[in-house]
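The values are calculated or read from the model by the stated rules, or taken from the named source; none is laboratory data. These figures come from a predicted structure and were not determined experimentally. Every residue, glycine among them, receives a Cβ derived from its backbone with ideal geometry; neighbour counts consider all protein chains shown.
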Amino acid sequence: MIARVLCIESNLVERLRLQEAFNRAGARVLACDSLAQGRALLAEQAFDLVVADCDLVDGSGLDLAADANAHGKNGGFTLIVLCDEIHVAHRVIALRSGVADVIGGPCDLDHLLWRAQAAVSRRQGAHVDPPTTLARRILLVDDSTTYAYALVDELQKDGHDMALAENGPDALGFLALQQPDLMIIDVFLPDMNGVELCRRVRTIPALRTTPILMFTGREKSAIRERALEAEADDFVVKSRDLESIRMHVRKMLSQAPRAMPVTARGPNALLAAQRAASAPQAQGPLLDQVVVASGLSRLVGKAAIERACQRVGVDPARMVTSDLEKALPDIEKLLKVFLSPGEVGERMRAISRLAGVA
């Protein structure tokens with residue numbers, strides 16, 4: 001629970017919005033318009049949370065980072081900085097200064113409230129449940145500046161907290177400090193292509209299940225195959241129809257869990273995650289048995305079988321033998337993308353037996 005909040009924002013309209021939002025959440029809120037006034041209030045009173053704009057009339061909210069971890073009269077506090085700059089370079093600088101979180105603008109208030117609660121709970125060692133709000137944190141990796149900024153504007157219509165990287169190394173530097181709820185990666189990137197970036201992202205334990213949407217060309221089926229092997233979750237053609245991309249992102253996020261605060265992991269966490277992801281399961285739900293019979297890796301196979309089932313209106317998690325029989329033609333089509341004709345025949349015979357088809 002956040003009891004006392006200090007909002008430091010030079011823009012009157014934004015300051016009132018912040019104050020009203022935290023009041024509705026049950027917090028006691030004080031607000032001011034300058035760094036000097038904020039420091040004066042911090043010297044007099046204790047706060048659980050300080051939300052400060054990155055660009056104040058007399059400085060920056062980042063200037064409070066050292067105070068946030070102080071142990072003086074009023075102790076430390078959780079500091080969240082609001083920043084209109086979407087490029088990851090700005091966020092990396094802010095995060096390395098010691099702030100608890102950086103949230104981009106224009107700020108969705110429900111998203112801000114959840115991020116604030118998560119940051120304070122992390123400092124207090126408490127748990128926070130994920131909300132059901134539409135707005136999420138999204139990392140876009142695209143070196144086409146004009147297109148990227150247009151897409152950012154479109155996605156911000158849903159209140160998303162957008163971060164932009166122009167290449168793979170910049171994206172990885174950002175991901176070492178902040179975890180997004182979804183990533184959008186262009187296949188064609190300088191220095192490191194999108195498929196390789198996707199592969200490296202999946203070696204980060206905290207990002208093993210983060211949804212990844214890949215931009216591809218219309219005719220690049222071979223690239224899609226490599227991206228699936230790198231564990232991308234879905235694909236969309238990079239087009240000028242930005243609204244359809246926004247709807248696609250909305251659908252993916254509705255099916256995915258929100259990223260929770262990252263906790264420390266031991267040195268063997270990656271190895272354990274890889275073993276768990278690739279271990280075959282011969283028994284259990286029918287979906288698991290079909291994935292094993294497909295001969296594909298567990299992650300790629302599960303995604304492919306689920307997609308085939310959904311095309312014919314079958315819920316893969318509740319699939320029974322009659323449902324599997326209905327999905328057999330679509331499963332065969334997907335297996336042809338990954339396997340040779342001989343392997344497809346062998347695997348389909350095994351899957352057909354699971355469906356009770358001779």
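Annotation note: of ALA222, ALA232, the sole residue that is modelled with pLDDT under 85 and either assigned by TED's automatic domain parsing to the domain that holds LEU182 or assigned to a helix (DSSP H, G or I) (or both) is ALA222.
Output yes when any residue across region 191-199 is among the polar types (S, T, N, Q) and either more than 23 Å from SER340 (Cβ to Cβ) or at pLDDT 80 or above (or both), and no when none is. Within region 191-199, one or more residues are among the polar types (S, T, N, Q) and either more than 23 Å from SER340 (Cβ to Cβ) or at pLDDT 80 or above (or both). Of the residues in region 116-124, not one is more than 24 Å from LEU79 (Cα to Cα), crowded, with 17+ Cβ neighbours inside 10 Å and of a type in the set (Gly, Ala, Ser). For region 14-33, indicate whether the set of residues that are assigned to a loop (DSSP other than H, G, I, E, B) and farther than 18 Å from ALA118 by Cβ is non-empty. Yes. Listed by first and then second residue, the pairs with beta-carbon distance under 8 Å, at least 6 apart or on different chains, first residue in region 317-329 and under 15 Å from ALA350 (Cα atoms), second loosely packed, with under 15 Cβ neighbours inside 10 Å, are THR321/GLY356; GLU325/GLY356; GLU325/VAL357; ALA327/ARG311; ALA327/VAL312; LEU328/VAL357.
Among residues of region 128-160 being outside any loop (DSSP other than H, G, I, E, B) and of a type in the set (Gly, Ala, Ser), the one that is surrounded by the most Cβ atoms within 10 Å (Cβ to Cβ) is ALA148. If you go through region 85-127 and keep only what is assigned to a helix (DSSP H, G or I) and in contact with a strand residue (DSSP E or B) (Cβ under 7 Å, 6 or more places away or on another chain), you end up with VAL88, HIS90, ARG91, ALA94, LEU95, HIS111, LEU112, ARG115, ALA116, ALA119, VAL120, ARG123.
Is one or more of the residues making up region 275-290 at pLDDT 50 or above and β-branched (Val, Ile, Thr)? Yes, there is a match, as at least one residue in region 275-290 is at pLDDT 50 or above and β-branched (Val, Ile, Thr).
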